[in-house]
Structures are given as structure tokens and as C-alpha cells.
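The values are calculated or read from the model by the stated rules, or taken from the named source; none is laboratory data. If you're wondering where the values come from, they're calculated on a predicted model, not measured in any experiment. Here the Cβ is made from the backbone with ideal geometry for all residues, glycine too, and neighbour counts use every protein chain on show.
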Amino acid sequence: MKHSPLLQAKNLRYSFNEAGIPTHVLKDVSMELLPGEITSIVGPSGCGKSTLLYLLGLLDRPDSGDIFLHEKDVLKCDDQTRTVLRNHKLGFVFQFHFLIKELSVLDNVALPMRKAGHSATTSHKKARNVLDKFGLLDKASRFPHKLSGGEQQRVAIARAIINSPSLILADEPTGNLDSENSKIVYSVLSKLATEENISVLLVTHNIELAQSCNRVIRMRDGRIIE
Amino acid sequence: MAMSLIGIIFGISFFVITQAQTSGFEAFFIRTILGTNGAIKISDRFQDMDGTVSKVSEDGKSQFFFRSREEARYTEGIVFPDEIRNALASYQGITGISEVLEGTAELSGVSRSFPVIFHGIRHHDHSQVSELDNQLIGGVMDNFTTDPMSILVGSRIAERLMLKKGDRVVMKGGTGTIQLKIAGLFETGVSQIDKNRIYIHLSTARQFKGERFAGSFFQVGLSNPEKAPELAAQIQYHLGHRSVSWQEREKVWLDVFKALRISSAITVSSILLLSGLGIFNVFAIMVIEKTRDIAILRSMGFSRFDASAVFLWQGVIILFIGLLSGCIFGFIGTYFISEIPLRIRGIFSTDSFVVNWDISHYLWAITIASVFVIIASWIPARRAGKIEPAKIIRETL
Ligand SMILES: Nc1ncnc2c1ncn2[C@@H]1O[C@H](COP(=O)(O)OP(=O)(O)OP(=O)(O)O)[C@@H](O)[C@H]1O
Ligand SMILES: [Mg+2]
């Protein structure tokens, strides 16, 4: 069965301006992501992987190019619409878990759903559900700093998927984890792709993990080389 | 944060209390002088009017000045009282007109004598333009009204000459000597008046002075004393008699009260300003500390407004608690202050702190506190709203 692409990026360019001198970080990047696929991006440090992820995640805007999410031209959307799209359609996982230390695991996971306008009861119920799937239900009432690194990262993934997004953007989610935990996190992500038909874009330096993905995108010096 | 909240509560209550006091004393002073000397005093007639009147318009208010030329003359007193009285009847808002004949004399008791200023009045007229009846502290007003040879003596004069109601006194000066009987004592609270004024009947005063008009003036009462300056200017212009409003007459004291009121407002507002700075400080630090959390919340779909709202809400809650408690403490404080015994004689007479219950003090305090707190939370809130998630996440990793 042929899927229509979930996300299309065309001719993205991005540069930083420092003291008037532009540094071109992305030079004409085009790519597509399909639902139900886990895609990895690999490449040397500084080649622009994170920058690309922020653009696709609507956290930043390119100098030029187009991004279509569900065939919608998201670069033409205003800030408010992009904010709502991030809430409903996208989930982020970073190298650092970024959990809010004042909130319990359960509240952290429920947060995006609360923002989407659901009641505390509904959100907590769904959050428990997701935590259960990740084997973390017994940790629901703990605070983030009382979890292991692998657990924290899985909570962050739980938070990223609570609103059933169509795309998860993961920037080195296993960067701080040992190989054991890396494998667990990876299997959680690949299971989401196959079982929930979510598209996962995974930036990683771990070649072994990258090779396990459906597709590998290689980058060098602001371009996709393969 | 708790300190800032306490600061706001204190600031608001102090503001209310100090304003209640200063404006209380001011209002009391105004009541006293209006009750003693009336709203407008109309006296000597200008004779050489032409070309000496100049009108100055300043912020829409008219002011009239009489420049005395060398040959300008004016007659002492009001020469045609009935005509003036009739003319005054056509002005709006005049509640009473009392003709007064003023002069100096020497008052003698049993053993001592004392210089005084007598005011010859018709009691019926004068009670319309003053609080004389209420200022009576010994004696009965009827004793004065029924006996043309009776006298009302200022309390401090009575003290000095050791006089009391029913005593007989001798008034010397003018055309001779008359014997008077003390119908009562009065106290205005204005020591300058209490220690040199006496009231006698107008007819008696005329006889005593031997002159019909010199030293006579009209004391005028107004339903709205605030209008006195304009009305006095009109009267002066139309009737050609010197007319002075109470505001002009008591300018020095009124300015002192105003300065007190404003300086206390400024002083107390600085407490509110400091609290505002405290809040600003706490919020500014909080925004810096929470930058990462705000960035991640933004990435998961919280808006700029959500980020700002957190701080605005905290500001509003602090402000609300501060305003409510501040006003309540201010109210209670004002009440207790008004119960503090304090004996004042000199410019008015009171035995406790005078306070003025005025909603405008609360509104001012609320306005000032709100401005400071809203600015103090708005600036950090705006900064929170401006956080760019990509930039912060990049910098954190
Ligand atoms: N604020 C900035 N100003 C100028 N250049 C920047 C800035 N931030 C990043 N860069 C540059 O942009 C380029 C791409 O950065 P990016 O973070 O996308 O790399 P990356 O591929 O994610 O690297 P890594 O694997 O180390 O995370 C780098 O060469 C970096 O030096
Ligand atoms: Mg990176």
C-alpha cells in the first residue's frame, strides 16, 4: 500500500547571522517522511541535523523553502496555528528529557493533553494508559529526579505521544543513555511507528540504531548526501 | 515575594490612613474657617474703578485685580448695605448674608482689661453664615438675641479676664464706654479669633463706634463653598466692592495642607514602588530560571500568551490579595487613628485625630499599586512570551 507523505520538505535553506556574516547551515535540503516509518538522520557533528529537526518541528523558520505537513503549507501559518499544530500533530524528544521538575511523572505526561483542552481526569487517565504501555505506571506519582536516565527518557516519549501525534521528532534521544537503555528507548520508538502508524524521525550518532531504522538519511555539511 | 506582598498591603493601608488624616484635618480646618468667617467677605467700596480693573484668564478661571492708581480712593466699609444686599439676592447659591461692623475696643473685667476686636452682628443673619450657635460653649444664645446690651466673648479672652457667663464687662473706646452683660462664651478653635474676638449687637456696635459704615463688611454664606472664588470675582466686578473668597483668605494654610497631603502621598507611594521593584526582581529571576521549562512548554504547544500568563496571573493574584488586605487594614487603621485622643487648638479645635472617610483615597491607592504591580509583572511576562524554544533548546543541549 502506497502512503501519501506525511511531511514534505523542499529546498530548505537556513543560515545564522553573526555580526552580519551569514553561516549557511542548511543548503537546499529536501526530504519526505511516510507514516508508520522510522527514519534516522546521521552525519558528523555540526552538519545541521538539529537545525533541520527544529525546522520540521515548526520551532523555527527556514530562510527559504517549503514544508508541508499533511499537505498543509505550514510556513504560511501564523505563530498561533503553528503552536496548535505542535500540540496536536507533533511530539518532541530531546537528548535531555526536559521534564518539569516541579510536576509528578503523571502530570508531566498529561501536560500536552491539558493544553489541548482536556479535563484533568481524562488527561490523567490517558497518561496512566501510556505510562502503563511503557512499563512506568508504578512510577506515575514520582517526581522526575527520582527516575533513572532511561526512565526519564521514556517518560519524555510518553509525554510526546499523549496527544497521538502523527510525527515524533527525536534529537539524539539515546545520547545520554547506556546501550541497554538505548535499545529500550529505540524499541519503544519503533513500536510506535509500526503499531500506531506514527512517523518517527530519529537523529542519532549510534550507527547500530540508525541501521535498524526503515530508512537512513545521511547528512554532511548542510546537505543530504544519500 | 512575601515581602513584596506585605509591602503592597502596608503601602496601601498607609496611603489610605495618611490621606484620611491629612485630608481629614484639611476638611476640618475648612469647616472651621467657613463656620467662623464665612465663604466670602465683601468690604470696602472702590471709588475710582475706571481703568483699574484687569482681568486675567488663567486655565479658564477669571481673576480680577484692582490696581490702585495714585489718585484711586476707596471708602471704608459698605455705604449702601441695603442696595448691596438686594444686588446679592440676584446671585445663585448664596445661603446667607450677614452685615458685620468691625472695630477695636478695650474690654475690662473686674480687675484686668484686654484689647479686643468686636463684631457687631444681627444674630439671625449671622447664624446663616456661620456656626456661631454651635461654637457657643457656655451660655444660651437666646440671652444674646434678646438683650441688645449683651456680649459673646471668645474663650481665650474669657480665660485671661477670668470671665464667665452672666458677668458684666465694660467696653471702652470709640465714642465712650458701654456696659455689657456676658450672654455666653464661644470657641472656634482658631486661637487668633478665640483670643481677640467678641460679638455684640450691630446696633450697639454702631452706637459705640459712632460711625455708621466704616469697618463694616458683609459675611456671605454659600451653598457650594467651592464656587467662592468665581463668585467673589463676579461680585467684586459688578458691585465695586472688595470681595475675598475663603480660599484666597486662607491660602497660606490651604497650601500647607495641600503640600502635606501630596508629600505624604508621595512618601507612601514609594513603599508601593519598592514593592513593585521587588516583584519585578522576583519575576525577572523566575523567568530566567524557568527559561528552559518555558521553551519545552512552547515546543509542546503552549503559546506565547500561556508563557506570559503564568507571570501575569501571579502578579494579579498578588495584587488582588494586596489590594483587598491593604484596603481592609487601611479602613481599620483609619478607624483606630480617629479614636486616638489628641488635643489641638490653634487653627481648629479637636480632641482626637480627625479623619476623612473618602473612597477616592482607596481608589488612588488601588490605582498606584495596580500600576506598579502590573508594570512589574508585565515586563517579565513579556520577556517570557518572547522566549524562542529552538534557540533555548539548542543552547541547553
Ligand atoms: N547560534 C548559532 N550561531 C551561529 N552558528 C550556529 C549557531 N548554532 C549552531 N550553529 C552552527 O550551525 C551548524 C549546525 O548546527 P546543528 O546543531 O544543527 O548541528 P548538528 O548536526 O545537530 O550537530 P550535533 O551532532 O553536534 O548535534 C553548526 O556548524 C553550528 O556551529
Ligand atoms: Mg544536534
Please work out if B:Lys41 is in a strand (DSSP E or B) and at pLDDT 85 or above. yes
For region A:86-98, what are the residues that are more than 7 Å from chain B (Cβ to nearest Cβ) and crowded, with 24+ Cβ neighbours inside 10 Å? A:Leu90, A:Gly91, A:Val93
Among the residues of region B:373-385, is there at least one that is more than 16 Å from ligand 2 (Cβ to nearest atom) and within 14 Å of another protein chain (Cβ to nearest Cβ)? yes
One residue from B:Ile379, B:Ile375, B:Ile393 being crowded, with 17+ Cβ neighbours inside 10 Å, in contact (Cβ under 8 Å) with a residue 12 or more places away in the chain and not aromatic (Phe, Trp, Tyr): B:Ile393
Among the residues of region A:197-212 satisfying the criterion of being more than 16 Å from ligand 1 (Cβ to nearest atom) and under 15 Å from the mean Cα position of the chain (by Cα), which is farthest from the other protein chains (Cβ to nearest Cβ)? A:Asn197
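Quick grid of which residues meet (1) more than 16 Å from ligand 2 (Cβ to nearest atom); (2) more than 13 Å from chain B (Cβ to nearest Cβ); (3) surrounded by fewer than 20 Cβ atoms within 10 Å (Cβ to Cβ):
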{"site": "A:Gly48", "(1), (2), (3)": "no, no, no"}
{"site": "A:Leu53", "(1), (2), (3)": "no, no, no"}
{"site": "A:Leu75", "(1), (2), (3)": "yes, yes, yes"}
{"site": "A:Thr81", "(1), (2), (3)": "yes, no, yes"}
{"site": "A:Glu102", "(1), (2), (3)": "yes, no, yes"}
{"site": "A:Leu106", "(1), (2), (3)": "yes, yes, no"}
When you check B:Glu289 against the structure, is it within 16 Å of ligand 2 (Cβ to nearest atom) and surrounded by fewer than 20 Cβ atoms within 10 Å (Cβ to Cβ), yes or no? no
Criterion (hydrophobic (A, V, I, L, M, F, W, C), more than 29 Å from the chain's Cα centre (by Cα) and part of a loop (DSSP other than H, G, I, E, B)) met by exactly one of B:Ile387, B:Ile379: B:Ile387
For A:Asp60, indicate whether it is part of a loop (DSSP other than H, G, I, E, B), more than 9 Å from ligand 1 (Cβ to nearest atom) and among the acidic types (Asp, Glu). yes
Going through region A:4-46 one residue at a time, which ones are part of a strand (DSSP E or B) and within 13 Å of ligand 2 (Cβ to nearest atom)? A:Val25, A:Leu26, A:Ile41, A:Val42
Counting just the residues of region A:136-174 that are within 13 Å of chain B (Cβ to nearest Cβ) and within 16 Å of ligand 2 (Cβ to nearest atom), which one comes out surrounded by the fewest Cβ atoms within 10 Å (Cβ to Cβ)? A:Glu172
